[in-house]
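All remarks here apply to the structure that follows.
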Amino acid sequence: MTDFQLVDTREEILKILEEKGEILQKDLWKELKIDSSKCSRILRKLEKEGLIKRVEVVVDGVKTFKIVSSKFEEKKAEEEKLDLRTVMNRIEQISKLPPCYGCLDVDCEAQRCLKLEVWFLKLCKMG
């Protein structure tokens, strides 16, 4: 493989990862129509440069690597932060609901409910 072919293959790998985010190493070399050892050499270089991450996985009882784009990992981490923010906002919203909202006590009377009274007093202090 010439230097020119190596650069082309490297760029093709990055393009595939940009589209898919992640791919099994065996699927990658099959898609590129190159042998596994050439693919491994290129991937090791890309990993050293911090452009990809090789994650060891077992598929159908066979050990292989999942190749993940560093950009994909960053995007996924950012999405997880957003999800956590959403969860925290929901928890805050739920905490503002009266305790009656999730109460299972069918015999409860609002006028005599201690939980409701405590919630109302806290609400008055906050506002």
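Readers should treat all values here as calculations from the given coordinates under stated rules, not as data from a laboratory. Only a predicted model underlies this, so the values are computations on that prediction, with no experimental measurement involved. Note: ideal-geometry Cβ built from the backbone for every residue, glycine included; neighbour counts use all protein chains shown.
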Could you list all residues from the range 68-89 that are assigned to a helix (DSSP H, G or I) and of a type outside the set (D, E, K, R)? SER70, PHE72, ALA77, LEU82, LEU84, THR86, VAL87, MET88, ASN89
Could you please give the count of residues in the range 46-59 that are surrounded by 13 or more Cβ atoms within 10 Å (Cβ to Cβ) and either part of a helix (DSSP H, G or I) or basic (Lys, Arg) (or both)? 4
Only listed residue being on the phi < 0 side of the Ramachandran plot, without any contact (Cβ under 8 Å) to a residue 60 or more places away in the chain, assigned to a helix (DSSP H, G or I) and surrounded by 10 or more Cβ atoms within 10 Å (Cβ to Cβ), chosen from GLU11, GLU92, GLU19: GLU11
When the residues of the range 23-39 are filtered to those that are under 25 Å from GLU74 (Cβ atoms) and in contact with a Phe, Trp or Tyr (Cβ under 6 Å, 6 or more places away or on another chain), which remaining residue is surrounded by the most Cβ atoms within 10 Å (Cβ to Cβ)? CYS39
